[in-house]
Every structure is written in structure tokens, then in C-alpha cells.
Amino acid sequence: MLKKMILAAVATAFVAATALPIQVAPAAAEGMSCRQAAKAKFAKDRKARHAYKKECKAAAKTEKS
């Protein structure tokens, strides 16, 4: 009984950990290019990745000037 309960808890924790999206803060993405940050934040959504990359480049451009 205890073995089944521990196994169920581990399986639940694994599923929960893989289902959570990765949050990339702008400060953490500072060392990354916009493309890499977009890929980390939106691994499976191409349209969202493209939009994020455009926003990131625009923000970087305004920071430089």
C-alpha cells in the first residue's frame, strides 16, 4: 500500500513538473539572444515564438538608443 502511494506521488510530481511552462524573465534572458529566449519560453508554439522575438528585438533596439 505504501509502495503504491509513493509511486503515485512520484508519478504525479513528474507529470506536474513537465506540464508547467518555463518562465524566462527578461533579466535571465539577458545573456541569450532574442531567438534563444523565445525558444525557451515558447518551445512548441511557432507563432508565439515569432511574436515574442519581434517584441524582444524592438525592446532591444529602443534600449540601445
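The values are calculated or read from the model by the stated rules, or taken from the named source; none is laboratory data. None of these values were measured; they are calculated from a predicted model. Using ideal geometry, Cβ is built from the backbone for each residue, glycine included, and neighbour counts are taken over all protein chains shown.
Listed values, structure above:
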| quantity | calculated |
| --- | --- |
| Long-range neighbours under 7 Å by Cβ, at least six apart or interchain, first residue at pLDDT 90 or above within region 36-65, second acidic (Asp, Glu) and part of a helix (DSSP H, G or I) | none |
| Criterion (among the hydrophobic types (A, V, I, L, M, F, W, C) and modelled with pLDDT of 85 or more) met by exactly one of 13, 9, 17, 29 | 9 |
